[in-house]
Amino acid sequence: NVTGTVTPPDAPETVTLTYRDNSTNDITATVNGTSYSAAVEVEKGKAVTIELSATVDADKIQVEIGGTAVTKDEGWTYDAESGIITISAEKVTGNIEVSIIE
């Protein structure tokens with residue numbers, strides 16, 4: 001039998017989520033239940049929820065992950081009733097940018 005110790009990583013890998021409202025509506029966001037400020041760190045490989053302070057047309061939401069645009073239903077969904085964008089866990093692999101456009 002071989003025994004040894006396993007050292008856990010210092011911290012889970014995180015990525016940065018940046019939110020921008022480029023519309024005229026001044027829509028704020030809450031990321032994973034925390035009020036949004038400039039950029040927030042989210043854990044890689046865990047689903048992300050972004051709650052918008054106002055309802056927007058899904059066509060006005062742009063999501064980029066690791067610099068690549070991700071289309072709705074290809075990696076994220078939007079529930080207009082609750083105002084929540086959900087990015088699926090397997091897509092949370094790199095820095096995320098969410099923009100609301102006109």
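The values are calculated or read from the model by the stated rules, or taken from the named source; none is laboratory data. These figures come from a predicted structure and were not determined experimentally. Cβ: placed from backbone, ideal geometry, glycine included. Neighbour counts: every protein chain shown. Side chains are part of the model used for accessible areas, which takes the heavy atoms of the whole protein and leaves out ligands, DNA and RNA. Shrake-Rupley method; radii C 1.70, N 1.55, O 1.52, S 1.80 Å.
Some notes on this structure:
- Phi angles of the stretch 53-69 translate, via the Karplus equation with coefficients 6.51, -1.76, 1.60 and θ = phi - 60°, into HN-Hα couplings of 7, 8, 6, 10, 6, 4, 5, 8, 9, 10, 10, 10, 10, x, x, 10, 5 Hz per residue; Gly and Pro are given as x.
- Using a probe of 1.4 Å, the accessible surface attributed to SER82 totals some 50 Å² when neighbouring protein chains are kept in position.
- Between the listed residues VAL92, THR18, THR55, the Cα displaced farthest toward the positive end of the dipole of the chain, a dipole computed from Cβ unit charges relative to the Cα centre, is found at VAL92.
- For the chain, relative contact order (Cα pairs under 8 Å, six or more residues apart, normalised by length) works out to 35 percent.
- About its Cα centre, the chain has a charge dipole of approximately 260 debye under the convention of +1 per Lys or Arg Cβ and -1 per Asp or Glu Cβ, with nothing else charged.
- In plain terms, if you count all Cα to Cα distances in the chain and split them into 10 Å steps from zero, the share in each step is 15, 48, 22, 7, 5, 2, 0 percent.
- Estimated vicinal HN-Hα couplings, Hz - the stretch 92-102 in sequence order (Karplus 6.51, -1.76, 1.60; Gly, Pro = x): 7, 10, x, 3, 10, 10, 10, 10, 9, 10, 7
- Accessible surface of the chain, 1.4 Å probe, proportion on carbon and sulfur as whole %: 45 percent
- Cα shape, the stretch 39-91, gyration tensor, a/c 1.5 rule: prolate
- In the context of the full protein assembly, LYS72 retains an accessible surface of approximately 80 Å², using a probe radius of 1.4 Å and ignoring ligands and nucleic acids.
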